[in-house]
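**Student:** I'd like to ask you about the structure that follows.
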Amino acid sequence: MPLAITTENAHELALQNFDTAADAMGLDNDVRTMIKYPERVLTVSVPVRLDDGHIHRFEAYRVQHSSVRGPAKGGIRYHPQVTLDEVKALATWMTWKCAVVNIPFGGAKGGVTCDPKHLSQHELERITRRYTSAILPLIGPDQDIPAPDVYTNPQTMAWIMDTYSMTKGYAIPGVVTGKPLSLGGSLGRNEATGRGCFYTIQCACEHLGLPLMGASVVVQGFGNAGSIAAQLLEEAGARVIAVSDSTGCVFNRNGLNIKELMHLKALTGKVEGFPESEPISPAELLALDCDILVPAALENAVTADNAPMVRAKIIAEAANGPLTPGADRILESKGSFIIPDILCNAGGVTVSYFEWVQDESHLFWEAQDVYNRLERVMKTAFHDVLQIHLNRNVPTRIAANILGISRVAEAVQIRGIYP
Ligand code: NAD
């Protein structure tokens, strides 16, 4: 079934994806009305004194798309291009993502329009604490639980947890996930997105009869998600032939040494200049002859313009929304197997759920326990999506949406509606 998508505005796109999946399922109109749109949208002003003494007002958001299946859950993004529409879209995807991996959360997302690369740690702390105060009525361990996203990290979560706890008078670790271990974080959370992505690639390789041993891999975006996925793929015997970050791309046909590359990135903040590699352009990276492409940077990395050049057999969306609808159509018609974002990168929210369970029960698990549970969740979700893809003859992205939407629809129908 073709994807009847006509826009590249992120929220419009999320709504159109919803409609395509809902049409394919024959979803009842009343249920659509109840689950399609965000439940709550909050825009706040965050006035902060900068280090130069002046006050700057940042615009910020928190969107709760759904609380039908449990507390709303979703990361907080700090980026100069954050818009309300982007946050709404990301919140919507979180709802279907949590339902795809069948964890008892709804979807949320937050964002502050700011450029962290030009802010000091003190300024970031003041922004985070003021933003937390502004969204305080919405968040809480039973209401809405933020986590890190692009350019936020465990330190950001620690500041949010502290600000929230100060208003209650005691420590409440369960208000955020992705925290440092010393504040109730979970072992395995840092690697969770890359690890979950790796498990879904293993499943896709099995399904396609493509041995992972010796497979060639290209990773766009060597941050948290991309570097861990690359490391696990290398450990499984794959050859990671090229990786990139925002400053450059490196290539070695025989495979890059990922451990050493991670070391260089940690030391210099760049992959550029890695020994035994040659620099290539971002366009050349996407066009490399490879078995597996992992887009792990930002939205809209592969478009209708560069998709014709992509030759990968498997595209594993570690990032959220890395393929535009135009790219989707082209890659589907070329026969690429797409592991859609709401499945591929759901390992992060899954281990966030494990962290919340551990915080709420005050009992912490060993790393291997976290990995085993994550592997079970991801592989079950993959096979649930695959079954819908094969049985209904729909693209994998629509299959994942159908799975997520059907679980939310079932929950809302059983709950009924307050008259
Ligand atoms: P990160 O900040 O750790 O890494 C992002 C990386 O992408 C950085 O290395 C940056 O240099 C690189 N990058 C930015 N622009 C680029 C470009 N144009 N070309 C190549 N590289 C570029 O972020 P992350 O947490 O790894 O998130 C990456 C993606 O994964 C985002 O879409 C995010 O929403 C998604 N995601 C992350 C998690 C998580 O738990 N970290 C969970 C789910 C989804």
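**Student:** Take every DSSP beta bridge with both residues inside the range 195-290 and express the antiparallel ones as a percent of the total, to the nearest 5. The partial results should precede the final answer.
**Tutor:** On the way: 7 of 12 bridges.
Antiparallel bridges make up about 60 percent of those DSSP assigns within the range 195-290.
**Student:** Something else: Excluding residue 143 itself, what net charge comes from residues whose Cβ is under 15 Å from its Cβ, given Lys and Arg +1 and Asp and Glu -1? Numbers along the way, then the final one.
**Tutor:** On the way: positive: 40, 62, 69, 73, 109, 168; negative: 39, 142, 144, 359, 360.
Result for the neighbourhood of residue 143: +1.
**Student:** Okay, moving on. How many percent of all Cα-Cα pairs in the chain sit more than 39 Å apart? Intermediate values should be presented prior to the final figure.
**Tutor:** Numbers: 12712 of 87571 pairs.
I get 15 percent for the Cα pairs in the chain exceeding 39 Å.
**Student:** Distance between Cα centroids, the range 261-337 to the range 158-178: provide it in whole Å.
**Tutor:** Here the answer is 37 Å between Cα centres.
**Student:** Name the most mobile residue of 393, 345, 401, meaning the one with the largest mean-square fluctuation, in a Gaussian network model of the chain with Cα contacts below 10 Å.
**Tutor:** 393
**Student:** Work out from phi, with θ = phi - 60° and the Karplus expression 6.51 cos²θ - 1.76 cosθ + 1.60, the ³J(HN,Hα) of each residue of the range 252-269, listed in order in whole Hz, and give x for Gly and Pro.
**Tutor:** Per-residue couplings from phi come out as 8, 4, 8, x, 8, 7, 5, 4, 5, 5, 5, 5, 4, 5, 5, 6, 10, x Hz.
**Student:** In whole Hz, what ³J(HN,Hα) sequence does the range 287-297 give by Karplus (6.51, -1.76, 1.60; θ = phi - 60°), x for Gly and Pro?
**Tutor:** 8, 5, 6, 8, 7, 10, 10, 10, x, 10, 10
**Student:** Taking the highest mean first, how do the peptides 235-245, 365-375 order by number of other beta carbon atoms within 10 angstrom per residue? List each step's numbers first, then the result.
**Tutor:** Working: 235-245: 21.0, 365-375: 15.5.
Those peptides, ordered most packed to least, come out 235-245, 365-375.
**Student:** If r is the Cβ-Cβ distance from residue 306 to residue 165 and R0 is 41 Å, what FRET efficiency results, to the nearest 0.05? Present the calculation step by step, with values, prior to reporting the outcome.
**Tutor:** Numbers: r = 46 Å, r/R0 = 1.13.
Step by step, r from the Cβ atoms, then E = 0.35.
**Student:** Shape call for the range 202-267 from the C-alpha gyration tensor, a ≥ b ≥ c root eigenvalues: rounded (a/c under 1.5), prolate (a/b greater than b/c) or oblate?
**Tutor:** On the way: a/c = 2.03, a/b = 1.87, b/c = 1.08.
Here the range 202-267 falls in the prolate category.
**Student:** Please report the antiparallel percentage of the DSSP beta bridges confined to the chain, to the nearest 5.
**Tutor:** Values: 23 of 49 bridges.
Of those bridges, close to 45 percent are antiparallel.
**Student:** To two decimal places, what compactness ratio does the range 1-120 give when its Cα radius of gyration is scaled by 2.2 N^0.38 Å?
**Tutor:** Numbers: Rg = 16.7 Å, N = 120, 2.2 N^0.38 = 13.6 Å.
Against the compact-globule rule of thumb, the ratio is 1.23.
**Student:** Per-residue HN-Hα couplings for the range 158-166, Karplus 6.51 cos²θ - 1.76 cosθ + 1.60 at θ = phi - 60°, whole Hz, x for Gly and Pro?
**Tutor:** 5, 5, 5, 4, 5, 4, 5, 5, 4
**Student:** Computed on alpha carbon atoms, what radius of gyration and Dmax characterise the range 283-419, expressed in Å?
**Tutor:** Looking at the range 283-419, its Cα Rg and Dmax stand at 17.6, 57 Å.
**Student:** Next up: What does the charge count near residue 32 come to, summing +1 for each Lys or Arg and -1 for each Asp or Glu among other residues with Cβ under 13 Å from its Cβ? List each step's numbers first, then the result.
**Tutor:** Values: positive: 36; negative: 19, 23, 28, 30.
Surrounding charge for residue 32 is -3.
**Student:** While we're here: Where both residues lie in the range 140-299, what percent of DSSP beta bridges are antiparallel, nearest 5?
**Tutor:** Working: 8 of 17 bridges.
Of those bridges, close to 45 percent are antiparallel.
**Student:** A further question follows. I want to verify the translational diffusion coefficient of the range 288-364 in µm²/s; compute it with Stokes-Einstein, Rh as the Kirkwood radius over Cα pairs, at 37 °C and 0.692 mPa s.
**Tutor:** Translational diffusion coefficient: 242 µm²/s.
**Student:** Determine, from the Cβ-Cβ distance of residue 334 and residue 267 and an R0 of 41 Å, the FRET efficiency 1/(1 + (r/R0)^6), rounded to the nearest 0.05.
**Tutor:** On the way: r = 39 Å, r/R0 = 0.94.
Calculated value: 0.60.
**Student:** Hey, can you grab everything whose amide H is under 5 Å from the amide H of residue 239? Only 5+ residues off in sequence or another chain; H modelled, so Pro and N-termini drop out.
**Tutor:** Amide H to amide H, under 5 Å and 5 or more residues apart or across chains, residue 239 pairs with 214, 215, 216, 217.
**Student:** Quick one: which residues, 5 or more positions from residue 339 or on another chain, have an amide H under 5 Å from its amide H? H modelled 1.01 Å from N in the peptide plane, none for Pro or chain starts.
**Tutor:** Long-range HN contacts for residue 339: 315, 316, 317.
**Student:** Send over the per residue convex hull volume for the range 61-123, Cα only, as a whole number of Å³.
**Tutor:** Details: hull volume 5.3 nm³, N = 63.
Given the Cα convex hull of the range 61-123, per-residue volume reads 85 Å³.
All of the numbers you see were taken from the coordinates with simple rules; none came from a lab. Bear in mind the structure is a predicted one, so any value in this text is a computation, not a measurement. Cβ: placed from backbone, ideal geometry, glycine included. Neighbour counts: every protein chain shown.
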